[in-house]
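The values are calculated or read from the model by the stated rules, or taken from the named source; none is laboratory data. All figures in this text were calculated on a predicted structure; none of them were measured in a lab. Note that each Cβ is placed from the backbone with ideal geometry, even for glycine, and that neighbours are counted across all protein chains shown. Ligands, DNA and RNA are stripped out before the accessible areas are found, and what is left, the full protein with its side chains, is counted by its heavy atoms. Shrake-Rupley method; radii C 1.70, N 1.55, O 1.52, S 1.80 Å.
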Amino acid sequence: MVAHTVPLPPISGPRTVKLADLGLLLVKQEIEATKKSLSDVYVRHAANAEERQRQADELKARLQRRKEREARRRLEHEAARRLQSWWRACMVFRTQVEPLLRILQARHLRLTKERLKGEILDLRHTVHALHTLDEDKERASQTIQKWWRSVLGRRVKKIIVVYRKVKQVQQRMDIAATEIQASFRGLQDRKRVAELRVLKAAELAEAERLFEELRLKSVIRIQSAYRKKKAVAEVHARR
């Protein structure tokens, strides 16, 4: 604690200061000094608290940014994984599933034809002994033709739908392959351009070094020729 000097009250005339008043004055000044010291401590404590809060906020912000970067990195990895999985599924569909579907469709068509043939044969056996009119035969044949045309129409429709879906998948695969190739070629071109820039800078530095060496050699040759000429002139002058 800082010691404070106690100013004595002025003495006027023959009166003297009482000792009790002097002690009370000292106690008051000590109390004031203590209050001032406490206020300074409170101010420093508040400043330290603000500084700690600021540091804590900065640390929290850095942690938040780090979490955001990690989350963005995880999303990028997940997107790449999904793209690879989709591409593998497309390749599997093209190489394995599509031929299998064609085989299954051909088998189903063959079995349907065989079943229809058996049904028609059973129908012939059933109506063989019946006497029918020509009009009934015509209507029956028309009904059978309509039914068979509807069956063929549904099959053709399914085949067209499957073909359109396969065509769409193939177009998407072509677009994805084109985009992947474009990105890979762009990366390769950027790498090649960077290498060419480095090589060009090295070639320029080498050319500058060679030019500097040639210039220095030329200067040295000119100086040597001049000194030789001057020395020969001095020798002729002395003779």
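Apply the Kirkwood formula to segment 109-239: the hydrodynamic radius equals the inverse of the mean of 1/r over all pairs of different alpha-carbon atoms; give it in Å with one decimal.
Numbers: mean 1/r = 0.0393 Å⁻¹.
One over the average 1/r among Cα pairs gives 25.4 Å for segment 109-239.
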Rounded tilt (10° steps) of 134-238 against the dominant C-alpha axis of the chain: 40 degrees
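Highest first, please rank the peptides 215-224, 81-90 by the mean number of other Cβ atoms sitting within 10 Å of their residues. It would help to have the intermediate numbers written out before the result.
Details: 215-224: 10.0, 81-90: 11.8.
Ranking, from highest mean packing down: 81-90, 215-224.
For Arg81 and Gln142 in the same chain, what is the full-extension length gain: residue separation times 0.36 nm, less their Cα-Cα distance, in nm? Kindly include the intermediate steps, with their values, before the conclusion.
On the way: separation 61, 0.36 × 61 = 21.96 nm, distance 5.71 nm.
Contour length minus the Cα-Cα distance gives 16.3 nm.
Tell me the carbon and sulfur percent of the accessible area for segment 161-239, rounded to whole percent, probe radius 1.4 Å. Before the final figure, lay out the partial values.
Values: 4490 of 7500 Å².
Carbon-and-sulfur percentage of accessible area, whole number: 60.
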Potential lengthening between Glu203 and Leu22 on full extension [0.36 nm per residue; Cα-Cα distance subtracted]: 55.9 nm
Label-point separation, Lys67 to Arg154 (7 Å along Cα→Cβ), nm: 5.7 nm
Cα-projected label distance for Val169 with Arg115, points at 7 Å along beta-carbon direction, nm: 2.5 nm
Base-10 log of normalised Debye intensity for the chain (one unit scatterer per alpha-carbon) at q = 0.09, 0.10, 0.18 Å⁻¹: -0.89, -0.96, -1.35
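Do the sum for the chain: with -39,500 (n - 2.57) for every DSSP H run of n ≥ 4, divided by all residues, what is the mean residue ellipticity at 222 nm, to the nearest 500 deg cm²/dmol? List each step's numbers first, then the result.
Details: 3 runs with 209 residues, N = 239.
Estimated from H runs of four or more residues: -33500 deg cm²/dmol.
Order 134-142, 23-31 from most to least packed using the mean count of other Cβ atoms within 10 Å. Present the calculation step by step, with values, prior to reporting the outcome.
Details: 134-142: 10.3, 23-31: 12.0.
Put in order of decreasing packing, that is 23-31, 134-142.
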Table column - 3J(HN,Hα) (Hz), segment 98-103, Karplus curve with 6.51, -1.76, 1.60, x for Gly and Pro: 4, x, 5, 4, 4, 5
